[in-house]
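Trainee: What follows is a single structure, and I will ask about it in a moment.
Nothing in this text is a laboratory measurement; each read-out follows from the coordinates by a stated rule. Keep in mind it's a predicted model, so treat the numbers as computed, not measured. Every residue, glycine among them, receives a Cβ derived from its backbone with ideal geometry; neighbour counts consider all protein chains shown.
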Amino acid sequence: MVPQEAGPGLIHHSDRGSQYASHAFQARLEEYGMIASMSRKGNCWDNAPTESFFNSLKNERVHDTRYGTRAEAKIDLFDYIELFYNRRRLHSTLGYASPMKFLEDWFSTQHEQQLAA
């Protein structure tokens, strides 16, 4: 059974494991109107950002947490992702800036370069 939130247009990203590449699995995704997205063959780095995010989510927020309801879990995960992870959490790959600060700086640099051109 597919959760209500999962439906047409949802992207299912995976590695190229035989279970995900199988005709049966691909047919099921198509039946639900979902889009298959797989890592490039032999490129283990495609999943690295996603795996890093889910590692942080599990270790910093979800590990040993028991939610009473699905709604409670959704609120807590929204708080973690939107209010902490994207706005305040420092990321080493972004020069120890938050994703929001990194994006703001990038837009500012782009704007400055356009004015200078």
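Trainee: Given the -39500 (n - 2.57) contribution per DSSP H run of 4+ residues, what per-residue ellipticity at 222 nm results for the chain, rounded to the nearest 500 deg cm²/dmol?
Mentor: After summing the helix terms and dividing by residue count, I get -12500 deg cm²/dmol.
Trainee: Let me ask you something else. Arrange the following residues from fewest to most other Cβ atoms within 10 Å of their Cβ: Tyr96, Tyr20.
Mentor: By the 10 Å Cβ count, ascending, the order reads Tyr96, Tyr20.
Trainee: Can you sort His111, His23 by how many other beta carbons sit within 10 Å, fewest first?
Mentor: His23, His111
Trainee: Can I ask one more? From the Cα gyration tensor of the chain, with a ≥ b ≥ c the square roots of its eigenvalues, which class applies: rounded if a/c is under 1.5, or else prolate if a/b is larger than b/c, or else oblate?
Mentor: oblate
Trainee: Which of Tyr80, Tyr85 has the fewest other C-beta atoms within 10 Å, and how do the rest follow up to the most?
Mentor: Ordered by Cβ neighbours within 10 Å, fewest first: Tyr80, Tyr85.
Trainee: Then there is this: Rounded to the nearest 0.05, what FRET efficiency do Arg70 and Leu10 give with R0 = 22 Å and r taken as the Cβ-Cβ distance? Could you check?
Mentor: For Arg70 and Leu10, the calculated efficiency is 0.80.
Trainee: Pairing the Cα long axis of helix 99-116 with the longest principal axis of the chain, what angle in degrees results, from 0 to 90 and rounded to the nearest 10?
Mentor: Once rounded, one gets 50 degrees.
Trainee: Another question, if that's okay. Any aspartates and glutamates with Cα under 20 Å of the Lys101 Cα? List them, leaving off those in the same chain fewer than 8 positions away.
Mentor: Partners within reach: Asp79, Glu82, Glu112.
Trainee: Can I ask one more? Between helix 48-57 and the chain, what is the angle of the helix's C-alpha long axis to the longest principal axis, kept within 0 to 90° and rounded to the nearest 10?
Mentor: That helix lies at roughly 90 degrees to the long axis.
Trainee: Which residue, Leu57, Leu94, Leu77, has the most motion in a Gaussian network model of the chain that connects Cα atoms within less than 10 Å?
Mentor: Highest fluctuation among the options: Leu94.
Trainee: List the aspartates and glutamates whose Cα sits under 13 Å from the Cα of Lys58, skipping any in the same chain fewer than 8 residues away.
Mentor: Straight-line reach from Lys58, under 13 Å: Asp76.
Trainee: Still on this model: ³J(HN,Hα) across region 68-79 via Karplus (A = 6.51, B = -1.76, C = 1.60, θ = phi - 60°), whole Hz, x for Gly/Pro?
Mentor: Those phi angles translate into x, 9, 4, 4, 4, 5, 4, 5, 5, 5, 4, 4 Hz.
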